[in-house]
Amino acid sequence: MATYFTEPSRTFSEYLLVPGYSSKECMVDNVSLKTPVVKFKKGEEPALTMNIPLVSAVMQAVSDDNMAVALAKEGGISFIYGSQTIENQAAMVARAKAYKAGFVISDSNISPESTLKDVLALKRRTGHSTVAVTTDGTAQGRLVGLVTSRDYRISRMDESTMVKEFMTPLDQLIYAPAGTTLKEANDIIWDNKINQLPIVDAEGRLQYLVFRKDYDSHKENTDELLDAQKRYVVGAGINTRDYKERVPALVEAGADILCIDSSEGYSEWQKMTLSWIRETYGDSVKVGAGNVVDAEGFRFLAECGADFIKVGIGGGSICITREQKGIGRGQASAVIEVAEARDHYFKETGIYIPICSDGGIVYDYHMTLALAMGADFIMLGRYFARFDESPTTKVNINGSYMKEYWGEGSARARNWQRYDMGGDEKLSFEEGVDSYVPYAGSLHDNVGLSLKKVKSTMCNCGVLSIPELQQRAKITVISTTSLVEGGAHDVLLKDSNKSYK
């Protein structure tokens, strides 16, 4: 006879946190969001911790090297997507690991023979107003000039005007040689009252750009996540097919942690992948596994050697696995059960295996609920896809700026390895959609605001750390009526002319 769960499958929106006693110490500035990323023995420190409990999803539309650097600056980890060639993914990891704080590899580049129209299109695509002009239009080409918004007037110039006619040429630029330190670069910027400083090598090839605006932001990034060599911590996704070739390349490129990217982790495929990694590298290579939604799945992956375990099937905003296959579980129910299994495993073995809640986050307060229910950190896709730092295009849809966002199970991504159950090497049917999400601006501003909300709620609960929240949180199921009561109701909002009943 089939196994039936007696409790409904619940989502985060069906719960609220109940306030606890808040002492005078419960202030946002006193809250720590440090959290373990990989398993550790009782009484020992984990080999890797994060300063914030957020990681970005293993998705084409979310996690590349730019996202990896941006999120590491905030204290989290990005898992660079694996649905690309091994060479390309390894190159992304290497670029992120080679990134020097304050030194930006230009991603807005153009050749002198391009036109103003090309510059405007590039600016729309990247959102950057500074464009490096190189002989071949690449980031490492020989620098011949710069184009900023001060170099052209759209209303007075023909869009067919060539870049070389209006750019600021190299002989009118202030630049510095390769080997210049960040302090020296910032001194040059301030002394000469310029907004950006190109760094070029002995042959005139562009190496980096240093921006005035980054000086203050670097000082603000007190939570940045660095390895022992002061490089940003970077993650990468792998699959259960080509891991024997992909893992060595990613390790060689410098990846700090890997994650098996799969829609369903309770499988022999994941066991084989984890076993090979342990036989080949021992415990030196850290790797997460998943996804699972119950205690059985957690126990299986724990015994297979996973360093962390992802929780969630079908809860992503672009995921249609439940619709297509009728499989999955409400994210709140899944996190609650797996967290209980994690705690039981810890008491039994003395080994703590962090769990990652993946999917189901709609509002910022859902982050706090996921942590309170036992998640050590949260994987987000849609949330990060909205920002400047995601690799997708910003487009104008009916007067509103949007970012493209698609699932790994969509026809666009065709990441069949993520849904692999053996057999043909193809995506038999879609388990994700191709969509848009509202553009939200910079990652730094949005993550800062979201985490202030999390910290504020933790203060309301009377706790100053994630472990305290997990131990002392009081959580209640809510009715549909109380859900309505929790929002604006029985008023006419000024900015929308909409009545709430």
Note down the relative contact order for the stretch 115-198 as a percent, whole number, built from C-alpha pairs under 8 angstrom at least six residues apart.
25 percent
per DSSP, antiparallel bridges as share of beta bridges in the chain, % nearest 5, sits at 55 percent
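Ordering ILE194, ILE327 by how much accessible area each has at a 1.4 Å probe, largest first, what is the list?
ILE327, ILE194
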Expressed per residue, the solvent accessible area of the chain in Å² (1.4 Å probe) is about 48 Å²
Normalized C-alpha radius of gyration of the chain, against 2.2 N^0.38 Å?
1.04
Can you give the accessible area of TRP269, probe radius 1.4 Å, in Å² rounded to 10?
90 Å²
Please say if the stretch 258-327 is rounded, prolate or oblate, where rounded means a/c under 1.5 for a ≥ b ≥ c the square roots of the C-alpha gyration tensor eigenvalues, and otherwise the choice is prolate for a/b larger than b/c and oblate otherwise?
prolate
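Just subtract the alpha-carbon distance of LYS452 and VAL362 from 0.36 nm times their residue separation and send over the number in nm, one decimal.
Fully extending the segment from LYS452 to VAL362 adds 30.7 nm.
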Give me the accessible area of ASP223, 1.4 Å probe, in Å² rounded to the nearest 10.
60 Å²
Using Cα pairs under 8 angstrom and six or more residues apart, how large is the relative contact order of the chain, in percent?
20 percent
Heavy-atom accessible area ranking, 1.4 Å probe, most first, across TYR4, TYR232, TYR208:
TYR4, TYR208, TYR232
Mind pulling the angle between the C-alpha long axis of helix 268-281 and the longest principal axis of the chain? Nearest 10 degrees, somewhere in 0 to 90.
60 degrees
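Considering only protein heavy atoms and a 1.4 Å probe, what is the carbon-and-sulfur percentage of the accessible area of the chain?
Numbers: 11870 of 24000 Å².
Here it works out to 49 percent.
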Angle between the Cα long axis of helix 116-126 and the longest principal axis of the chain, 0 to 90 degrees, nearest 10?
20 degrees
In the structure shown, of LYS24/LYS474; LYS24/LYS455; LYS97/LYS452; LYS73/LYS394; LYS42/LYS453; LYS271/LYS325, the pairs separated by more than 25 angstrom at the C-alpha atoms are LYS97/LYS452; LYS42/LYS453
Across 10 Å bins from 0, what is the distribution of all Cα-Cα pair distances for the stretch 276-418, in whole percents?
11, 34, 34, 17, 4, 1
By average Cβ neighbour count within 10 Å, what is the ranking of 281-288, 59-66 from highest down?
59-66, 281-288
Can you pull a Stokes-Einstein diffusion coefficient for the stretch 14-78 at 10 °C (1.306 mPa s), Rh from Kirkwood over Cα pairs, as a whole number of µm²/s?
108 µm²/s
Solvent-accessible area of ARG95 with every protein chain in place, 1.4 Å probe, in Å² to the nearest 10:
100 Å²
Find, among the GluC sites (Glu not before Pro) in the stretch 1-79, those assigned to loop by DSSP (not H, G, I, E, B) with at most 16 other beta-carbon atoms within 10 angstrom.
GLU25, GLU44
Quick one: check the C-alpha center-to-center distance for the stretch 42-62 versus the stretch 302-346, whole angstrom.
17 Å
Taking the convex hull of the alpha-carbon atoms of the stretch 295-358 and averaging its shadow over every direction gives an area in square nanometres of 4.4 nm²
Tell me the angle of helix 331-349 to the major Cα principal axis of the chain, expressed in degrees between 0 and 90 and rounded to the nearest ten.
70 degrees
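The values are calculated or read from the model by the stated rules, or taken from the named source; none is laboratory data. Since this is a predicted model, take the numbers as computed values, not measurements. Heads up, the Cβs are rebuilt from the backbone with ideal geometry, glycines too, and the neighbour counts pull from every protein chain shown. With ligands, DNA and RNA removed, areas are computed over all heavy atoms of the protein, side chains included. Shrake-Rupley method; radii C 1.70, N 1.55, O 1.52, S 1.80 Å.
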